[in-house]
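The values are calculated or read from the model by the stated rules, or taken from the named source; none is laboratory data. Remember, predicted model here, so these are calculated numbers, not experimental data. Don't worry about glycine lacking a Cβ; one is built from the backbone with ideal geometry, like all the others, and counts go over all protein chains shown.
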Amino acid sequence: MSYIRLNTKALRGKFHFKFSRDERCTWYELLMLSKELLSPGYLKQSDDEGYPLSYLAGQLGITTTQLKACLDKYTKHEMITVSDSGCITITNWITYQAVYDFNKSGQVKKEVAAHPGGSQSIDEYLAEISPQYPELDIANELVKFNLYWSEGNRTLKRPKLALKNWLDKAKEFKGNSKKPQQSQGRVQEYDFT
């Protein structure tokens with residue numbers, strides 16, 4: 001089962017007052033639809049072809065005219081971009097990602113969605129850089145990374161860079177924990193690993 005994260009402050013923020021109830025509902029359903037379709041964070045059939053508006057309108061339970069009006073408003077407020085071929089990109093997709101996606105057994109699934117604006121998803125990037133960190137439990141580090149960035153008012157602007165920095169620090173921390181501790185010029189011979 002997949003999840004998206006919504007900010008409850010939207011109930012009293014600009015989003016609530018600038019958009020009608022139908023426009024807000026369509027936005028939330030658009031986010032959910034994006035998560036379920038081919039490329040999370042995008043509404044497109046392929047790299048160079050968007051879905052027909054009639055298909056999206058049918059999926060959202062609204063008319064094509066209503067969908068066009070919503071898409072124009074979302075574009076005006078920089079919530080989405082629409083390419084000439086009709087591919088829709090949700091501009092801040094990473095902010096809507098749930099901390100965890102759960103599989104049927106309820107265990108954490110190592111899944112972070114693609115970040116629009118980059119040509120490579122977080123999963124692909126993680127698979128590419130994992131060999132650089134053989135000493136780390138990558139799945140555990142990813143859980144900690146997601147938990148850290150999901151709490152409080154933190155904003156994740158560059159997820160790939162943040163993930164690389166997180167893994168570099170974890171590697172550095174793990175490497176330092178195996179060395180003898182130095183304190184005031186004396187070596188302590190404690191190694192608890």
Residue that is surrounded by the fewest Cβ atoms within 10 Å (Cβ to Cβ), among those in the range 38-81 that are of a type in the set (Gly, Ala, Ser) and in a helix (DSSP H, G or I): Ser54
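Please verify whether Asp123 is closer than 21 Å to Ser39 by Cβ and at pLDDT below 80, treating the condition exactly as stated. If you could, list the steps in order and put the result at the bottom.
Values: closer than 21 Å to Ser39 by Cβ: yes; at pLDDT below 80: yes.
Yes; evaluated as a whole, the condition is true for this residue.
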Qualifying positions in the range 127-165 - more than 17 Å from the chain's Cα centre (by Cα), in a loop (DSSP other than H, G, I, E, B) and surrounded by 13 or more Cβ atoms within 10 Å (Cβ to Cβ): Tyr133, Leu136
Members of the range 1-36 that are crowded, with 16+ Cβ neighbours inside 10 Å and part of a loop (DSSP other than H, G, I, E, B): Phe19
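How many residues are of a type in the set (A, V, I, L, M, F, W, C) and either farther than 13 Å from Trp166 by Cβ or touching a strand residue (DSSP E or B) at 6+ places or on another chain (Cβ under 8 Å) (or both) if we restrict to the range 130-156? Give the steps one after another, and end with the answer.
We begin by selecting, within the range 130-156, every residue of a type in the set (A, V, I, L, M, F, W, C); these are 136, 138-139, 142-143, 145, 147, 149, 156.
Narrowing the set further to residues that are either farther than 13 Å from Trp166 by Cβ or touching a strand residue (DSSP E or B) at 6+ places or on another chain (Cβ under 8 Å) (or both) leaves 139, 143.
Counting residues in the range 130-156 that are of a type in the set (A, V, I, L, M, F, W, C) and either farther than 13 Å from Trp166 by Cβ or touching a strand residue (DSSP E or B) at 6+ places or on another chain (Cβ under 8 Å) (or both) gives 2.
If you scan the range 72-89, which residues turn out to be closer than 10 Å to Asp48 by Cβ and among the hydroxyl-bearing types (Ser, Thr, Tyr)? Write out each step before concluding.
Here is the first cut: in the range 72-89, the residues closer than 10 Å to Asp48 by Cβ are 83-87.
Within the range 72-89, Ser83, Ser85 qualify.
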